[in-house]
Ligand code: SAH
């Protein structure tokens, strides 16, 4: 059997969205590959494989249309297509995937890749392309760094908008005693559940499909990587009331122009802003309930 390889070279920031589009049309997952200079220098390649059969032209057209729609929001170059033999794709694909390091100790590892761990590594096994949260997006990386700094053994954590479950898994591996991971998208909840099991943290992480109304009780840390607008709405609906005294709030997915709104919402609930960090146009806020 032959496979049609589709590849698109994009900025790391757009890679997740492209992987999401491609994942609608492929059966065997999507890979996001770093360029020769690593994840942060220059473009990455998003690659996927689909059967190279009689349907190939229809599939190509669907992919081109899907990417065209996305191209209205971010710049997406034309995808390249090539036909490869069955034997070639498995090996070629696995060879190209890399392990991604974030913060001081966090390692994101594609599940089929061997990797020699170093002492102190916090390893998260994840495959890209099925739900937002591969670790490539700057907002996810800033949240991981914040979790590394803030999570202490025994904490109870909420990850609202869990996507792939990446932040919930990280919190569990960093020592949280209990993590509630919630997502309104059923597909994300499914993917998160499977990633939680794949990482062996199902004893600590509970996944719920839903939103704020499914978060009962109070917690030591909330992490919300959605969008400024959604964070402000959630705060107005009582999100900060789920924080214990001394609890932390990591808010991300905030573009710099919307940051003042989120800060105002936090202050209106009596939170203290601990830090404001920025990568590209993305701001992450660290706040605390005094
Ligand atoms: N936490 C992951 C994924 C962030 S993407 C990371 O940091 O990489 C944001 C996720 O929030 C998406 O999966 C989306 O389905 C979910 N989401 C958006 N609005 C939501 C809401 N109001 N309540 C719950 N989940 C929401």
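Every number in this text was worked out from the coordinates using simple rules, so none of it is lab data. Note that the coordinates shown come from a computational prediction; the quantities given were computed from them, not determined experimentally. A quick note on method: Cβ atoms are made from the backbone with ideal geometry, for glycine too, and the neighbour counts reach across all protein chains shown.
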- Note on the structure: (1) more than 15 Å from the ligand (Cβ to nearest atom); (2) more than 17 Å from the chain's Cα centre (by Cα) all hold for residue 234 apart from (1)
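I'd like to verify a number: residues in region 241-253 that are within 15 Å of the ligand (Cβ to nearest atom) and surrounded by fewer than 23 Cβ atoms within 10 Å (Cβ to Cβ), how many?
Number satisfying all stated conditions: 1.
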- Item | In region 191-206, residue farthest from the ligand (Cβ to nearest atom) [restricted to those that are under 21 Å from residue 20 (Cα atoms) and in contact (Cβ under 8 Å) with a residue 12 or more places away in the chain] | 198
- Query: Within region 138-170, how many residues turn out to be more than 9 Å from the ligand (Cβ to nearest atom) and in a loop (DSSP other than H, G, I, E, B)?
  - Reply: 5
- Query: Among the listed residues 220, 214, which satisfies the condition of being more than 20 Å from residue 140 (Cβ to Cβ) and more than 13 Å from the ligand (Cβ to nearest atom)?
  - Reply: 220
